[in-house]
Amino acid sequence: MSEGPIASIMREKLTSAFQPTRLELEDDSWRHAGHHHEGGMDAKPGGESHFNLTIVSEAFSGVGRVQRQRSVNAVLADELAGPVHALSIKAQTPDEAGS
């Protein structure tokens, strides 16, 4: 399955900002089909509105969970203000991830 344009942009921004050793970005929009969102759009497969993110990076060393999420949200601010309705974030250091 190919990645959509929003996911590609998100992946590029996250890679540039955090140099992750692992980055998994799953478009989970299909699970939210039929949900009504602001702007009158319904989530649909490939809709790129809901994502699950797992990111492993040394950049998170010594940084608390909330600050990790805030830093990811800051990098993806444009996407979160527009097409992305929800983003589930799992941000870990390589030691925490066992990598």
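The values are calculated or read from the model by the stated rules, or taken from the named source; none is laboratory data. Quantities reported herein were computed from a predicted structural model and do not represent experimental measurements. FYI the Cβ positions are ideal-geometry reconstructions off the backbone, even for glycines, and counts take in every protein chain you see.
Look at (1) in a loop (DSSP other than H, G, I, E, B); (2) at pLDDT 95 or above; (3) within 18 Å of Leu25 (Cβ to Cβ) and you find that Gly62 fails only one, number (3). Looking across region 63-88, just one residue is farther than 18 Å from Ile9 by Cα and touching a helix residue (DSSP H, G or I) at 6+ places or on another chain (Cβ under 7 Å), and that is Arg68. In region 1-48, the qualifying residues are those that are modelled with pLDDT under 70, of a type outside the set (Gly, Ala, Ser) and assigned to a loop (DSSP other than H, G, I, E, B), and the one that is farthest from Ala81 (Cα to Cα) is Met1. Might you let me know whether region 66-77 holds any residue that is surrounded by fewer than 16 Cβ atoms within 10 Å (Cβ to Cβ), in a loop (DSSP other than H, G, I, E, B) and modelled with pLDDT of 95 or more? For region 66-77, residues surrounded by fewer than 16 Cβ atoms within 10 Å (Cβ to Cβ), in a loop (DSSP other than H, G, I, E, B) and modelled with pLDDT of 95 or more: absent.
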